[in-house]
Amino acid sequence: MAKTKVKPGTAKTNRKQNNRNSKAARDYGADKIQVLQGLEAVRKRPGMYIGSTGARGLHHLVYEVVDNAVDEAMAGFCDEISVTIKGDSEVQVVDNGRGFPVDVHPTEKKPGVEVAMTTLHAGGKFDHTSYKVSGGLHGVGVSVVNALSEWLEVEVMRDGKRYHQRYERGDKASELHVVGDTEDTGTIVSFRPDPEIFPDLDYQYDTLVSRLRELAFLNAGVRITITDERNEKPKHGEFQYQGGLVEFVKYLNRNKKAINKKPMTVSTTRDEVEVECAIQYNESYTETLLTFVNNINTHEGGTHLSGFKAALTRTLNAYANDRNLFKKADFTLSGDDVREGLTAVLSVKVMEPQFEGQTKTKLGNSEVRGIVEAAMNEALGTWLEENPSSARSLISKAIQAARAREAARKARDLTRKKSALDTGVLPGKLADCSIDDPTLSELYLVEGDSAGGSAKMGRDRNYQAILPLRGKILNTIKARVDKVLSNEEIRTIITAIGTGFGEDEFKLDEARYNKIIIMCDADVDGAHIRTLLLTFFFQWMRELIEAERVYIAQPPLYRVWKGKKEFYAYDDTERDRAVERLGGNGVNVQRYKGLGEMNPDQLWKTTMDPESRTIQRVTMEDETQVVELFTKLMGEEVEPRKEFIKEHARFVRNLDV
């Protein structure tokens with residue numbers, strides 16, 4: 001990174017500036033320190049508590065309320081949870097648990113439900129008497145929902161009475177009062193997100209369904225329903241799985257051919273840590289491994305995942321060695337080898353989990369690794385002994401993966417950044433940028449040599465690199481590593497990016513670019529190429545997506561002009577609006593069939609200039625949903641793909657035939 005030189009006289013200028021601001025310095029006293037009372041801090045900085053005020057944060061409000069109900073289920077007091085999306089973005093969550101406490105808190109002098117709704121870090125989850133384990137460890141969940149809602153109403157059924165209280169933007173709007181008698185127990189929380197906080201209040205039904213289904217799998221026997229009343233014809237979903245994680249892995253594998261028809265299971269408790277796991281292998285080359293702590297999806301893994309991987313690799317190697325299944329004495333299976341075709345769900349319950357912040361994406365408890373590793377070693381070893389036919393099939397698949405890995409070793413070495421930089425062998429068709437700072441540079445993956453040529457001429461050479469791609473790359477879901485690395489275009493991409501390839505060798509901090517931008521034609525072939533590239537990144541360089549480094553360029557579909565005035569339109573509606581703005585008569589409209597039809601200036605102005613371009617960041621909100629979609633669209637089975645096309649054909653906007 002270039003160093004900034006200090007010009008002569010800068011120190012004197014800084015002293016003058018300090019003198020000029022000395023009054024401001026003197027005025028900075030205790031009265032300038034702002035103390036945020038109650039839930040004000042949440043409304044001031046909502047992103048600190050729910051991640052963002054976009055779609056992710058909006059859905060997080062529902063998850064927080066549902067998690068309270070699930071905690072009741074884990075404690076053994078609740079077996080039914082319902083979620084209803086009503087008109088005007090109102091959400092209602094109902095459970096049949098014990099209901100919030102309504103008696104007066106001994107120190108706060110308020111009803112227990114009011115304390116929980118209006119006070120951060122208040123809840124019954126810290127002493128482990130009311131809840132042995134819970135997902136809402138930090139005690140900020142439901143109070144944050146209250147703070148970020150335009151209004152929230154809570155009804156509590158317990159002790160033969162029905163209680164009600166209302167809040168508005170986190171503040172109490174009514175006292176807790178009895179509204180009737182009831183024999184039921186439980187809680188009803190209704191709320192509307194605050195439009196002053198959230199720019200978009202549109203809940204995605206499928207996103208909520210995915211999380212609720214996940215919770216039903218993780219909590220065997222609990223019945224969870226969702227109803228969407230926003231449309232004339234309401235949508236309804238109901239989830240209840242007596243088999244728990246076994247049914248979860250079967251669901252994940254439903255579009256794949258299973259090797260061990262009956263999943264292997266682990267269910268044990270050691271040192272007050274509950275370990276539950278289900279494993280089923282399939283004939284594909286992809287790995288699907290989901291981990292949870294207290295029902296929270298730990299996307300970044302942690303110590304429980306490390307223990308699982310270590311046990312799986314060690315136990316399968318030991319089993320194969322004991323039975324002389326390896327032809328070479330020094331042969332061993334790597335972690336990648338034994339996880340090829342693996343579908344597994346690992347769920348642990350920990351009394352004092354240590355997460356990285358409220359987002360809970362990585363477990364840090366060091367003791368959990370040993371507990372999971374020991375439990376998996378014992379259970380997996382027993383299962384292999386009792387199921388010799390399935391065991392041999394798994395070992396055989398892993399050995400084939402190892403052979404493919406060995407065959408690909410030389411090709412893999414060619415893709416490493418170190419080799420590329422040491423020998424100066426970057427891809428010949430890569431037009432690199434001149435800046436050396438990776439945090440400022442961008443790599444465009446461009447469909448076709450023609451568009452690549454225009455992009456090279458139109459780019460800003462200082463920080464934009466161009467890599468033209470010829471044709472369609474391999475569908476990597478259907479291929480092993482050796483075949484993947486035999487594809488020239490894929491090798492070129494890996495070498496250019498510089499991070500290495502695969503879980504064992506990928507290093508995000510060695511990426512040569514901060515943004516990887518996929519730029520394809522706005523037609524069917526372009527969409528297919530974009531999907532193939534996303535499939536590759538998801539399967540082999542997933543960390544790029546998790547770090548939000550992958551983007552999709554949005555080239556315009558139309559150029560509309562009259563005389564010297566011109567507009568670019570990204571859909572038919574924008575095109576019609578542009579024609580109207582130019583007066584209608586004598587307006588020219590050009591429909592771009594491909595990027596190559598644009599000259600370099602047009603490509604820069606519409607698709608590459610940071611001041612005017614539109615690019616979409618690729619994110620992964622729900623790993624389960626993403627895995628399911630890639631398997632359905634890009635996997636071996638044809639029938640699920642046909643069903644997807646039939647179901648979604650009516651949503652096609654730009655049909656290119």
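The values are calculated or read from the model by the stated rules, or taken from the named source; none is laboratory data. Just so you know, these numbers come straight off a predicted model, no measurement behind them. Note: ideal-geometry Cβ built from the backbone for every residue, glycine included; neighbour counts use all protein chains shown. SASA here: full protein model, heavy atoms, side chains in, ligands and nucleic acids out. Shrake-Rupley method; radii C 1.70, N 1.55, O 1.52, S 1.80 Å.
Per the listing 453, 471, the residue uniquely small (Gly, Ala, Ser), over 14 Å from residue 513 (Cα atoms) and at pLDDT 90 or above is 453.
Got a sec? Which of 65, 70, 94, 102 is part of a strand (DSSP E or B) and either β-branched (Val, Ile, Thr) or on the phi > 0 side of the Ramachandran plot (or both)?
94
Exactly one residue out of 527, 522 is among the small types (Gly, Ala, Ser), in a helix (DSSP H, G or I), open to solvent by 20 Å² or more (accessible area, probe 1.4 Å) and under 30 Å from residue 492 (Cβ atoms), and it is 527. Within the set 461, 512, the sole residue that is touching a helix residue (DSSP H, G or I) at 6+ places or on another chain (Cβ under 6 Å), closer than 16 Å to residue 433 by Cβ and part of a loop (DSSP other than H, G, I, E, B) turns out to be 512.
Quick check: anything in segment 629-643 aliphatic (A, V, I, L, M), open to solvent by 50 Å² or more (accessible area, probe 1.4 Å) and either over 28 Å from residue 532 (Cβ atoms) or in contact (Cβ under 8 Å) with a residue 12 or more places away in the chain (or both)?
There is at least one residue in segment 629-643 that is aliphatic (A, V, I, L, M), open to solvent by 50 Å² or more (accessible area, probe 1.4 Å) and either over 28 Å from residue 532 (Cβ atoms) or in contact (Cβ under 8 Å) with a residue 12 or more places away in the chain (or both).
With respect to (1) of a type in the set (Asp, Glu); (2) open to solvent by 50 Å² or more (accessible area, probe 1.4 Å); (3) at pLDDT 90 or above; (4) farther than 14 Å from residue 187 by Cβ, the lone exception for residue 90 is condition (2).
For segment 427-447, the candidate set comprises residues that are of a type in the set (Gly, Ala, Ser) and either open to solvent by 20 Å² or more (accessible area, probe 1.4 Å) or not in a loop (DSSP other than H, G, I, E, B) (or both); within that set, the residue that is modelled with the lowest pLDDT is 428.
Of the residues in segment 602-624, not one is among the β-branched types (Val, Ile, Thr), farther than 28 Å from residue 549 by Cα and touching a helix residue (DSSP H, G or I) at 6+ places or on another chain (Cβ under 9 Å). Looking across segment 73-89, just one residue is among the polar types (S, T, N, Q) and either outside any strand (DSSP E or B) or in contact with a Pro (Cβ under 8 Å, 6 or more places away or on another chain) (or both), and that is 89.
The selection criterion, being charged (D, E, K, R) and outside any helix (DSSP H, G or I), holds for residue 232.
Give the residue that is surrounded by the most Cβ atoms within 10 Å (Cβ to Cβ), with candidates limited to residues of segment 236-262 that are more than 23 Å from residue 81 (Cα to Cα) and of a type in the set (S, T, N, Q). For segment 236-262, the residue satisfying everything is 253.
Does segment 395-424 hold any residues that are touching a helix residue (DSSP H, G or I) at 6+ places or on another chain (Cβ under 7 Å) and either at pLDDT 95 or above or among the aliphatic types (A, V, I, L, M) (or both), and which are they?
Residues satisfying the conditions are 395, 398, 401, 402, 404, 407, 408, 411, 414, 420.
Taken over segment 644-657, the residue count meeting the criterion of being open to solvent by less than 90 Å² (accessible area, probe 1.4 Å), more than 25 Å from the chain's Cα centre (by Cα) and modelled with pLDDT of 80 or more is 0. Kindly indicate whether any position in segment 304-311 is among the hydrophobic types (A, V, I, L, M, F, W, C), open to solvent by less than 20 Å² (accessible area, probe 1.4 Å) and in contact with a Ser or Thr (Cβ under 8 Å, 6 or more places away or on another chain). Yes.
If you go through segment 365-378 and keep only what is open to solvent by less than 40 Å² (accessible area, probe 1.4 Å) and modelled with pLDDT under 95, you end up with just 365.
Matching residues to (1) under 19 Å from the mean Cα position of the chain (by Cα); (2) of a type in the set (Asp, Glu):
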{"residue": "518", "(1), (2)": "no, no"}
{"residue": "525", "(1), (2)": "no, yes"}
{"residue": "542", "(1), (2)": "yes, no"}
{"residue": "569", "(1), (2)": "no, no"}
{"residue": "574", "(1), (2)": "no, yes"}
{"residue": "582", "(1), (2)": "no, no"}
{"residue": "602", "(1), (2)": "no, no"}
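Selection over segment 552-602 of residues that are within 30 Å of residue 515 (Cα to Cα), basic (Lys, Arg) and free of Cβ contacts under 8 Å to residues at least 40 places away in the same chain gives a count of 2.
Results for (1) modelled with pLDDT of 90 or more; (2) charged (D, E, K, R), shown as yes or no for each residue.
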{"residue": "595", "(1), (2)": "no, no"}
{"residue": "613", "(1), (2)": "yes, yes"}
{"residue": "617", "(1), (2)": "yes, yes"}
{"residue": "621", "(1), (2)": "no, yes"}
{"residue": "626", "(1), (2)": "no, no"}
{"residue": "629", "(1), (2)": "no, no"}
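Confirm whether residue 211 is in a loop (DSSP other than H, G, I, E, B) and touching a residue at least 12 places away in the same chain (Cβ under 8 Å). No; evaluated as a whole, the condition is false for this residue. When segment 274-295 is filtered for residues that are farther than 23 Å from residue 385 by Cα, in contact with a helix residue (DSSP H, G or I) (Cβ under 8 Å, 6 or more places away or on another chain), open to solvent by 10 Å² or more (accessible area, probe 1.4 Å) and part of a strand (DSSP E or B), only 289 remains.
Of the residues that sit in segment 175-204 and are open to solvent by less than 30 Å² (accessible area, probe 1.4 Å) and among the hydroxyl-bearing types (Ser, Thr, Tyr), which one is nearest to residue 349 (Cα to Cα)? The extreme case among them is 187. Pull up segment 340-349, narrow it to residues that are over 30 Å from residue 403 (Cα atoms) and either polar (S, T, N, Q) or surrounded by fewer than 23 Cβ atoms within 10 Å (Cβ to Cβ) (or both), then point me to the one that is modelled with the lowest pLDDT. Checked segment 340-349; the qualifying residue modelled with the lowest pLDDT is 349.
Of all residues in segment 76-86, one or more are open to solvent by less than 40 Å² (accessible area, probe 1.4 Å), of a type in the set (Ser, Thr, Tyr) and at pLDDT 85 or above. For residue 180, the stated conditions do not hold, so it cannot be described as part of a loop (DSSP other than H, G, I, E, B) and within 25 Å of residue 94 (Cβ to Cβ). Cβ-Cβ contacts under 9 Å between residues 6 or more apart (or on different chains), taken from a first residue in segment 384-402 that is within 10 Å of residue 319 (Cα to Cα) to a second residue that is of a type in the set (Val, Ile, Thr) and part of a helix (DSSP H, G or I), are listed as 384/315; 384/395; 395/338. Cβ separations smaller than 6 Å between residues 6+ apart or across chains give the following pairs from segment 218-232 residues that are surrounded by 21 or more Cβ atoms within 10 Å (Cβ to Cβ) and at pLDDT 95 or above to residues that are in a loop (DSSP other than H, G, I, E, B) and of a type in the set (Asp, Glu): 222/79. Restricting to segment 233-242, count the residues that are in contact with a strand residue (DSSP E or B) (Cβ under 9 Å, 6 or more places away or on another chain) and at pLDDT below 95. Residues that pass the stated criteria total 2.
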